[in-house]
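Report on the following structure.
The values are calculated or read from the model by the stated rules, or taken from the named source; none is laboratory data. All values reported here derive from a predicted model rather than from experimental measurement. We place every Cβ from the backbone using ideal geometry, glycine too, and count neighbours over all the protein chains shown. Only protein heavy atoms, including side chains, enter the accessible area calculation; ligands, DNA and RNA are left aside. Shrake-Rupley method; radii C 1.70, N 1.55, O 1.52, S 1.80 Å.
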Amino acid sequence: MSDPVLKSVSRLANIAPEAWDAIANPPGAEYDPFLSWNFLDALETSGSASEETGWAPRHLIVEDEAGQIRAGMPLYVKTHSQGEYVFDHAWADAYERAGGQYYPKLLTAVPFTPATGRRLLSPEPKWQRALLAGAVQAAQQWQISSWHINFPDHTQMLDLDAAGLLVRRDRQFIWHNRGYRDYADFLDALSSRKRKALKRERAEAQAGIEIEALSGADLTEHHWDVFFQCYQETGSRKWGYPYLNREFFHLIHERMPQDVLLVMARKDGRYFAAALNFLGSHALFGRYWGRLDDHPCLHFELCYHQAIDHAIARGLDRVEAGAQGEHKLARGYEPTPVHSAHWIGDAGFRDAVDDYLVRERSALDADIAALAAETPFKKSG
């Protein structure tokens, strides 16, 4: 049998959609909309993830002797660390102060998307191993300082750790569905004081407005126009400029509206706020929100309470509401570990980062334990 053939691809459009999706979302695996060809190519076709924005695609694929794609990974040459949600700016600064060149670096991730999922894309472990070895080989041949894998799932995180990559731990606030029949059933699991607080919050948020949840054929370009206005307004306030352009959302509307849940608020016949979610087979992923006018508690309602409503109605296991945000804790979102993995070429710098990560993990575990004690659920014992 011939050795696997490793190839680097500068555009996802150069890979047949069905070939990519066969390894990204194989039958029997949890469906992840962010790994689909439609989503990743929309980022590139729209120019949101491109060499000009510091996200030059260099996707890796592994082919067998017959030329069939057996494994792949999204891979980008990064000239900065923006839009990643795993923060290595201090590493870059230390490396360059020591005389090294940290950028460009390699990144395996879904651009602008801090959602945990598969990163070594293949249903077969042997092809995953070939891909992992090929990625390290590519980093060495290209004389790249480092290769980073953001938000791998638990199984692949263990594989990356076993392969010698440095594992970094962080935390997100994730809502877990424990078989709730509806939102009221979820509230019954909370302490009396927290339950009353959330009821008041939702009543205040819903007063005087209409809330619509749109998916599939119910979505129109007008809805996306309003959402994009909201996204731009909030994005410019939070991080200077929005990462995604209007063309990206147009492509999502054309290609995968069934994977979208857009929750919108309307007052006096006019939409003025929106929250964008993506739908997987087991999870609802909250991504972006924005508003054109102020309204009490609306952020909490559109982004967190509505997400729980729809996750329960659809029988989904969890709501992943993105990075950061301790305010999610009071709304039933629990502190949950997430991970990244890192290959660093320079041995001395690798040892320094490894030492730092050991201390960071200890502090983070203590933080997660402290936050878990503050969840709004009834305390047993």
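For first residues located in the stretch 25-39 and without any contact (Cβ under 8 Å) to a residue 40 or more places away in the chain and of a type outside the set (A, V, I, L, M), partners that are open to solvent by 30 Å² or more (accessible area, probe 1.4 Å) and part of a loop (DSSP other than H, G, I, E, B) and lie 6+ apart or on another chain with Cβ distances below 8 Å form the pairs N25/Y31. Considering V319, V260, the condition of being closer than 22 Å to S36 by Cβ, in contact with a helix residue (DSSP H, G or I) (Cβ under 6 Å, 6 or more places away or on another chain) and among the aliphatic types (A, V, I, L, M) is satisfied by V319 alone. Of the strands (runs of 3 or more DSSP E) entirely within the stretch 62-108, those holding at least 1 residues that are over 15 Å from A341 (Cα atoms) occupy 69-73, 76-78. Filtering the stretch 87-102 for residues that are touching a residue at least 24 places away in the same chain (Cβ under 8 Å), surrounded by fewer than 22 Cβ atoms within 10 Å (Cβ to Cβ) and in contact with a Leu (Cβ under 6 Å, 6 or more places away or on another chain) leaves an empty set. Residue count for the stretch 40-57 satisfying the condition of being surrounded by fewer than 16 Cβ atoms within 10 Å (Cβ to Cβ) and assigned to a loop (DSSP other than H, G, I, E, B): 1.
In the stretch 169-199, the residue that is surrounded by the most Cβ atoms within 10 Å (Cβ to Cβ) out of those that are polar (S, T, N, Q) and over 23 Å from Q324 (Cα atoms) is S191. Taken together, the residues in the stretch 18-54 that are more than 17 Å from H253 (Cα to Cα) and touching a helix residue (DSSP H, G or I) at 6+ places or on another chain (Cβ under 7 Å) amount to 6.
Scan the stretch 227-286 for residues that are farther than 21 Å from S50 by Cβ and either of a type outside the set (G, A, S) or open to solvent by 30 Å² or more (accessible area, probe 1.4 Å) (or both) and the total you get is 30.
Residues that are open to solvent by less than 30 Å² (accessible area, probe 1.4 Å) and either farther than 20 Å from D346 by Cβ or part of a helix (DSSP H, G or I) (or both) within the stretch 137-157 comprise A138, A139, N150, F151, P152, Q156, M157, listed in sequence order.
Which residues, counting only those in the stretch 24-38, are hydrophobic (A, V, I, L, M, F, W, C) and open to solvent by 10 Å² or more (accessible area, probe 1.4 Å)? Of everything in the stretch 24-38, those that are hydrophobic (A, V, I, L, M, F, W, C) and open to solvent by 10 Å² or more (accessible area, probe 1.4 Å) turn out to be A29, W37.
I'm checking my understanding of the structure. Among residues of the stretch 290-302 that are touching a residue at least 40 places away in the same chain (Cβ under 8 Å) and part of a helix (DSSP H, G or I), which one is most open to solvent (accessible area, probe 1.4 Å)?
Of the stretch 290-302, the ones touching a residue at least 40 places away in the same chain (Cβ under 8 Å) are 290-292, 295-298, 300-302.
From what's left, part of a helix (DSSP H, G or I): 298, 300-302.
Numbers: L298: 4, F300: 50, E301: 0, L302: 1 Å².
Selected residue: F300.
Filter the stretch 332-367 down to residues that are out of contact with any strand residue (DSSP E or B) (no Cβ under 8 Å at 6 or more places or on another chain) and surrounded by 13 or more Cβ atoms within 10 Å (Cβ to Cβ) and give me whichever is nearest to G286 (Cα to Cα). So that I can check it myself, show each step before the final result.
First, the residues of the stretch 332-367 that are out of contact with any strand residue (DSSP E or B) (no Cβ under 8 Å at 6 or more places or on another chain): 346-349, 351-352, 355-356, 358-359, 362-363, 366.
If we keep only those that are surrounded by 13 or more Cβ atoms within 10 Å (Cβ to Cβ) too, we end up with 346, 349, 352, 356.
Details: D346: 37, F349: 36, A352: 35, Y356: 31 Å.
Filtering first and then ranking leaves Y356.
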